[in-house]
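I have placed the structure first, in the form of structure tokens, so that the comments after it can refer back to it.
The values are calculated or read from the model by the stated rules, or taken from the named source; none is laboratory data. None of these values were measured; they are calculated from a predicted model. When we count neighbours, we look across all protein chains shown, and the Cβ atoms used for this are built from the backbone with ideal geometry, even at glycine.
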Amino acid sequence: MKILRAEFAAASHDPGRYPPPTLPEIAFAGRSNVGKSSLLNRLLHRRSLARTSRTPGRTQAIHFYRVNERFFFVDLPGYGYARAPEALRRAWRPLVEGYLEGRPLLRAVVVILDIRHDPAEGDVELLDYLAHHEIPAIVVLAKADKLPRGRQAPRALAIARALAVHPALPPVEPIPFSAVTGQGLDALWRAIRGRIGL
């Protein structure tokens, strides 16, 4: 995918106070410190458009990035960081659920997991929530460069099987991805383009 222009468009800190929907949107969600910002920057061929927080779990805002004047990438705040203040952890649900349930142009959510670990309770809850609301999910296994190539396919299969244990979740084919090497970049773009009709 050729990125001609990618720019920060807006941020929302309060439930219900989101920019008006004008273009198709792809949202990105994952546990704090799973590599979401690095993934976004690699997709957009930018070094620091999506900024990482030095303290995982502290950032509680939804960031909107306009891409090629044709669609938005929407960066949802990370979840599941136990050391985040309780007030921030409570604020995550209404902020994110308000967005997910109220965006008519939301086409899919890219759910980012760490390929080295089995899905956590929060990951399963999010995927179950998306399935319940009939929001398509694209499952990405970040940090693939942390594993030898020979171990990546077995880990992807194990994660797919772990998710398949939950009957409410549709079958998934996770995409191993590395923001360092670019592995999985083309596959993820194909999945995204298929959802936004490009």
* Structure fact -> The residue from Ala91, Ala50 that alone is modelled with pLDDT of 70 or more and either among the polar types (S, T, N, Q) or in contact with a Ser or Thr (Cβ under 6 Å, 6 or more places away or on another chain) (or both) is Ala50
* To do: Find the residue count for the range 102-153, including only residues that are of a type in the set (Gly, Ala, Ser), surrounded by 14 or more Cβ atoms within 10 Å (Cβ to Cβ) and assigned to a loop (DSSP other than H, G, I, E, B).
  => 1
* To do: Being farther than 20 Å from Leu130 by Cα and in contact (Cβ under 8 Å) with a residue 40 or more places away in the chain is the filter here, so list the residues in the range 145-179 that pass it.
  => Arg155, Ala156, Ala158, Pro176, Phe177, Ala179
* To do: State all residues of the range 104-151 that are modelled with pLDDT under 95 and basic (Lys, Arg); if no residue qualifies, say none.
  => Arg149
* State the number of residues belonging to the range 183-198 that are surrounded by fewer than 12 Cβ atoms within 10 Å (Cβ to Cβ) and modelled with pLDDT under 95. => 1
* Among the candidates Phe64, Phe28, Phe8, residue that is modelled with pLDDT of 90 or more, hydrophobic (A, V, I, L, M, F, W, C) and surrounded by fewer than 14 Cβ atoms within 10 Å (Cβ to Cβ) -> Phe8
